[in-house]
Amino acid sequence: MRLGSYTFDTPLVLAPMAGVSDRVFRALCRRHGASYAPSEMTSANAELRATSQTCRRLNMDGEDSPRIVQIAGAIPAEMAAAAQAAVAAGAEFIDINMGCPSKRVCQQLAGSALLRDEPLVRRILEAVVGAVSVPVTLKTRTGWSRSERNAVRVARLAEDLGIAALVLHGRTRECAYQGDAEYDTIAQVKAAVSIPVIANGDITSPQKARAVLAYTGADGLMVGRAAQGDPWLFQRIRVYLETGKMLPPPSPTEVLSTARAQVGALHGLYGPGLGAKFARKHVGWYARWLPQGLAVRAAFNAIEQAGAQLAFLDNLWTQQHREAA
Ligand SMILES: Cc1cc2nc3c(=O)[nH]c(=O)nc-3n(C[C@H](O)[C@H](O)[C@H](O)COP(=O)(O)O)c2cc1C
């Protein structure tokens, strides 16, 4: 699949996840086989753009190419300005969020709420594509509601307006995250447009990855929640797609050294207080790979200080290392 000057062989993309796919997690997933990883959504709203959260999300220092910033909003001129600001901050692609079902985002008629207003979709896509010289991608859902699955129309519109690639989550806005993702609409969209289509939703294993690629004909896959606590999934999927072989799961020592490095980097990115909070979330997800994982998670959650979090993980690593030797 070609995207701007980049060529990807069946891209496996880390999904943008606000509060999860920060610069640290993106780098980790890319080291383990993710082809690229858009930023968490950044608000196009001019006031929100000045907040520390948006500034942090726009900071791509040290990030490998291609650097992709996702923007969310509903006002074409604001979206255009946000895209330009992201390019000025180093973005090599812009991704437009028309997929988020969150009430906070949808009440401002952004995210997947936009799908109900196709003329506005057109104005936003025109404004953003016209505002920047880098490729613009679109991430969206299959429609507003189960009875209004307009993804094929939106995809054709996007292709006509110069969108470089589409990511399609196999749920409607009404579905939020309930039920299983459906892939029929993704297959219909893939058949209807000639720009690359990336399938998203419930890709939880190498076998599911292969089945969704085969069923939809999609050019690549985007993985979100299944990568939480499992950055190794990208490599497992890649090897399975290429060879049919299943890699073994990560060992407890590998999990702990990965968690240790990530937690240290989170303290650096967010500062010790907020960093420790984000660390608890990620270590909670890693705990599934560890013996007595539930007890590990509970013990780690009780730790307040950043330094004590690192010491805890160091001790656990030493213990696991001894047991494995
Ligand atoms: C915690 C969380 C945060 C998310 N934040 C974003 C976001 O910032 N932008 C976006 O387009 N989608 C966001 N999503 C949706 C995901 O990108 C993805 O489309 C969705 O989770 C379905 O993929 P999955 O089944 O592989 O998780 C978020 C999802 C989760 C779980």
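The values are calculated or read from the model by the stated rules, or taken from the named source; none is laboratory data. Since the model is a prediction, treat every value here as computed from it, not as a measurement. Glycine also receives a Cβ, built like all others from the backbone with ideal geometry; neighbour counts cover every protein chain displayed. In case anyone asks, the SASA skips ligands and DNA or RNA and just uses the protein heavy atoms, side chains included. Shrake-Rupley method; radii C 1.70, N 1.55, O 1.52, S 1.80 Å.
Around the Cα centre of region 2-243, unit charges on the Cβ atoms of Lys, Arg, Asp and Glu (plus for the first two, minus for the last two) sum to a dipole of about 320 debye. Let me know the whole percent of all Cα-Cα pairs from region 252-324 that are separated by more than 15 Å. So the portion of pairs separated by more than 15 Å is 46 percent. Taken along its three principal axes, the alpha carbon spread of the chain comes to 61, 46, 37 Å, from the longest extent down to the shortest. Most tightly packed first, judged by the mean number of other beta-carbon atoms within 10 Å of their residues, the peptides 280-287, 116-123 read 280-287, 116-123. The equivalent ellipsoid that matches the C-alpha gyration tensor of region 1-51 spans semi-axes of 25, 15, 7 angstrom, in descending order.
Across the chain, the relative contact order, built from alpha-carbon pairs under 8 Å that are at least six residues apart, equals 14 percent.
In region 50-203, the portion of solvent-accessible area held by carbon and sulfur atoms comes to 47 percent [1.4 Å probe, whole percent, DNA, RNA and ligands not counted]. The Cα atoms of region 1-101 give a gyration tensor whose axes a ≥ b ≥ c have a/c of 1.5 or more with a/b greater than b/c, which makes the shape prolate. With contacts taken as Cα pairs under 8 Å and at least 6 residues apart, region 168-281 reaches a relative contact order of 17 percent.
The alpha carbon radius of gyration of region 185-325, expressed as a multiple of 2.2 N^0.38 Å, is 1.27.
Separation of region 1-46 and region 125-174, taken as the distance between their Cα centroids, equals 18 angstrom.
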